[in-house]
Each structure stands twice: as C-alpha cells, then as structure tokens.
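The values are calculated or read from the model by the stated rules, or taken from the named source; none is laboratory data. Note that the coordinates shown come from a computational prediction; the quantities given were computed from them, not determined experimentally. For neighbour counting, all protein chains shown are included, and Cβ atoms are generated from backbone atoms with ideal geometry for every residue, glycine included.
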C-alpha cells in the first residue's frame, strides 16, 4: 500500500480561470446495501463531513431510520441532517470509517471536513502548483 497519493486540483468553474480550481478527488463509499464512486471536495474550513441527500439514497440509506440528528451551520443551516457512518476508500489506502452529516440538501457537494476526514488523513495542499497529497494518519503501535 502506498503511504501518499497525489491528486490534481479540478477546475470546477472555468469562468473563474485559476480561481475556479478546487481540491477534489475520487472516493469510494460503501454502505451495507450499496457502494458508489463519487467526487468529493476537501474543505479544511468544514467542521464535519457532509453527505448530499441523493448520494445517501444511492447508498441505500432510509432517512427515517437514521435517528441521530445534528444541526449544520452556514449555508446548510436551513437543512435537516442525520448522522451516518460510511466505509470510505481514498485512492489505494485501506478503508476507513467516516462519519457524515447526511443532509436533505441536494445542491451541495460531498464535503470532507475536520470530523472526521482530517482526523484520519494528513493532507498537504500545493495550491500554486494545483495539486495536493493525501496520506493516512500514522498509527502508533499500542
């Protein structure tokens, strides 16, 4: 298994020129019912990982069965959110459990935030060079 992977910034809005590039990467999400490969936005300013409603449905989650709720802030404060734990695979790394705020919002990207993506992975951004590197956190021997 590699200990570091490099990803390019993606031009999410060509009208903005270089300002339109975002740190996005592919991720595989697996629930007990289904799995999907999608693109995700790394957001160091986001407190939590955010799962858009349609992706949760694609994974087989049923909104009414998710009983743990939380309140989102900012642009997503108006939407309900439920807690789901999903197995995720980033690049060639071992799978990890990521906790998501599954929101009713549909026009939001899948977002990886502090809880708990940045607790599981180290990320170094080279924005001026339009790439970033990701590595799993170092697991200390017990």
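Limited to the stretch 128-142, what total is found for residues that are more than 15 Å from residue 89 (Cα to Cα), modelled with pLDDT under 95 and surrounded by 11 or more Cβ atoms within 10 Å (Cβ to Cβ)?
0
Results for (1) surrounded by fewer than 19 Cβ atoms within 10 Å (Cβ to Cβ); (2) at pLDDT below 95; (3) out of contact with any helix residue (DSSP H, G or I) (no Cβ under 9 Å at 6 or more places or on another chain), shown as yes or no for each residue.
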| residue | (1), (2), (3) |
| --- | --- |
| 24 | no, no, yes |
| 27 | no, no, yes |
| 30 | yes, no, yes |
| 53 | no, no, no |
| 67 | yes, yes, yes |
| 98 | no, no, no |
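Just need a number here: residues in the stretch 66-116 that are closer than 14 Å to residue 30 by Cβ, in contact (Cβ under 8 Å) with a residue 24 or more places away in the chain and not in a loop (DSSP other than H, G, I, E, B).
Count: 8.
Could you check, for the stretch 117-127, whether at least one of its residues is surrounded by 12 or more Cβ atoms within 10 Å (Cβ to Cβ), in contact with a strand residue (DSSP E or B) (Cβ under 8 Å, 6 or more places away or on another chain) and assigned to a loop (DSSP other than H, G, I, E, B)?
No: zero hits.
What's the total number of residues in the stretch 1-54 that are in a loop (DSSP other than H, G, I, E, B), more than 23 Å from residue 115 (Cβ to Cβ) and without any contact (Cβ under 8 Å) to a residue 60 or more places away in the chain?
Final tally of qualifying residues: 4.
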